[in-house]
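Just below is one structure, and these are the notes that go with it.
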Amino acid sequence: MTDDPFYNKETDTYRVVHEGHPSASSVTNTEGVTVFFNPETHDVLGFSIANFSKYYDDHVTEDGEFEVVLPARVPANLEEEMDFDEETIKNNVRIAEIY
């Protein structure tokens, strides 16, 4: 992971931002995945994972990859705290496979 441009070893943070926004909002789930989103459209702009070493250990595949499952849009009701229900996961999901 030290060669990965999205990983900061000093802060143990993995961060990918696909699109910026001057007033982006964010929400963090119970696994420590923070999703950045457009507050008007709720479209996902990117994500960040704090304590990435632990996250990686918990999500590594046999091939040494890991997977982050993100919604296409953050639910308007942020009280759900990104612990998405089954319908949201099936209908509005973007999967980022990291190699």
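Scanning region 40-57 for residues that are out of contact with any Asp or Glu (no Cβ under 8 Å at 6 or more places or on another chain) and not in a strand (DSSP E or B) yields a total of 6. Counting only residues that are outside any strand (DSSP E or B), open to solvent by 40 Å² or more (accessible area, probe 1.4 Å) and in contact with a Phe, Trp or Tyr (Cβ under 7 Å, 6 or more places away or on another chain), how many does region 1-39 have? Residues meeting the conditions: 4. Criterion first (closer than 30 Å to ASP3 by Cα and at pLDDT below 85) does LEU45 satisfy it? No: the conditions fail for LEU45.
The values are calculated or read from the model by the stated rules, or taken from the named source; none is laboratory data. Remember, it's a predicted structure, so these values are computed and weren't measured experimentally. Counting neighbours? That spans all protein chains shown, and the Cβs are built from the backbone with ideal geometry, glycine included. Heads up: the accessible areas ignore ligands, DNA and RNA and are worked out on the full protein's heavy atoms, side chains in. Shrake-Rupley method; radii C 1.70, N 1.55, O 1.52, S 1.80 Å.
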